[in-house]
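This report concerns only the one structure given below.
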Amino acid sequence: VISRGPLDFFLKDLPLHDDGIYRGLIADNRSQNTEIEMRQNFANQEIDDYFSLIQKSHSVPVMDFEVRRFLREMPSEAIILDIGGCWGWHWRQIKEVRPDVRILIVDFVLQNLIHAKKILGDLVGKEVFLVHADATNLPFLSADSIGIGFDGVWTVQTLQHIPDFKSAVSELFRVLGPKGLFINYSLNIQPHMQFIYKLLKKKYHISGILNGEYFLDRASSSQKLVIESQFNSEVTERWTEFLFSPELLFFRPGIQSSVLGMLDTRFSNNIGFLKSLARQHSFECRKN
Ligand SMILES: C[S@@+](CC[C@H](N)C(=O)[O-])C[C@H]1O[C@@H](n2cnc3c(N)ncnc32)[C@H](O)[C@@H]1O
């Protein structure tokens, strides 16, 4: 393990259990308790083929491309916080791509972090650190008060499940260091999909509690405003996953090393090209 001040600093007060996972859960999250239960039940099962499941909700080629793009923005020896990092698959190649970077994955479902160990193997405890904690109550001191913060906060399809988006943003802002970069990927509102759902007489969910189960808000201009006012700097928008359409059972472009998936990475853009076709919409902002 490379000993580096800030990393030790983030982890030193968190108990490390025998399972190799740090504990930082501070309080019960009442606003997401049905989601926690649902995710715990899911995560309690034995999983043999992780990627067959991941590829049902994420495009592996597109997100691998996005990870590399984010890493290019990271300074030497950066420390990244992945909020709602779940099975940690985004970071499985970190040692080859950026051996100097360290990742802290936070998730409030312990079982998900136990699965992460299977995907990440030897990286855990060396390049990647697993922390059982809640995004709305991060167990880290404020960057402003100590002058140490994360170089990047990366979060994929997690903030969309937190009912109080504003306080989640203020919480991650609190631990982001000066000049730190934040990116949040959420599901986009796709008008063509809305139309198809209507034809199929299915409900297209945009905002609020989904199927009485858990909260889901797709990316919105009001979220962009929340980030803009918290950071007091310009938010860049980005659109990704154009070909990958699990909603239409078109999973092929999401499969690792799929040619269609490689093609899909070429569509990712910040200028709004074909934006209503994109499955994901992200907001990116740098702390002043
Ligand atoms: C849709 S999954 C996305 C997983 C991962 N980011 C990925 O791209 O594969 C959302 C994850 O966020 C976690 N999560 C949701 N709300 C959270 C919160 N308030 N604090 C910590 N983790 C949370 C869930 O347990 C779940 O693992």
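The values are calculated or read from the model by the stated rules, or taken from the named source; none is laboratory data. Only a predicted model underlies this, so the values are computations on that prediction, with no experimental measurement involved. Don't worry about glycine lacking a Cβ; one is built from the backbone with ideal geometry, like all the others, and counts go over all protein chains shown. These accessible areas exclude ligands, DNA and RNA; they are computed on the full protein's heavy atoms, side chains included. Shrake-Rupley method; radii C 1.70, N 1.55, O 1.52, S 1.80 Å.
Once the piece of chain linking residue 192 and residue 263 is laid out straight, how much longer is it, given 0.36 nm per residue of separation minus the C-alpha distance between them?
Values: separation 71, 0.36 × 71 = 25.56 nm, distance 2.08 nm.
My answer for the length gained is 23.5 nm.
Placing a label point 7 Å from the Cα of residue 252 along the Cα-to-Cβ direction, the residues of segment 56-75 with a backbone N closer than 20 Å are 56-63.
Per DSSP H run of n ≥ 4, the term is -39500 (n - 2.57); total these for the chain, divide by its residue number, and report the mean residue ellipticity at 222 nm rounded to 500 deg cm²/dmol.
Helix-only estimate at 222 nm: -9500 deg cm²/dmol.
Between residue 50 and residue 9, the distance separating the two model label sites (each 7 Å from Cα on the Cα→Cβ line) works out to 3.0 nm.
Assuming R0 = 41 Å, can you tell me the calculated FRET efficiency for the pair residue 271 and residue 174, based on Cβ-Cβ distance, to the nearest 0.05? Efficiency computed from Cβ-Cβ geometry: 0.85.
Of 166/203; 95/117; 166/198; 56/202, which ones are farther than 22 Å apart at the Cα? Please list the in-between numbers first.
Values: 166/203 27 Å; 95/117 15 Å; 166/198 31 Å; 56/202 19 Å.
Those over the limit are 166/203; 166/198.
Approximating the spin labels as points 7 Å out from Cα along Cα→Cβ, the residue 19-to-residue 111 distance works out to 1.0 nm. Here the simple spin-label model places points 7 Å from the Cα toward Cβ, and for residue 26 and residue 118 these points are separated by 3.2 nm.
Our summary gives the chain a relative contact order of 21 percent, counting only alpha carbon pairs under 8 angstrom and 6 or more residues apart.
Per residue, the solvent-accessible area of the chain (1.4 Å probe, heavy atoms of protein chains only, all protein chains present) comes to 46 Å². Applying the criteria of a DSSP loop state and at most 16 other Cβ atoms within 10 Å to the trypsin sites (Lys or Arg not before Pro) of segment 4-100 yields 4, 12. Only protein atoms count toward the accessible area here, which uses a 1.4 Å probe; on segment 170-275, the carbon and sulfur part of that area reaches 60 percent. Between segment 79-152 and segment 226-242, the alpha-carbon centres lie 22 Å apart. Estimated at 0.36 nm per residue, the fully extended path between residue 205 and residue 100 surpasses their Cα-Cα distance by 33.7 nm.
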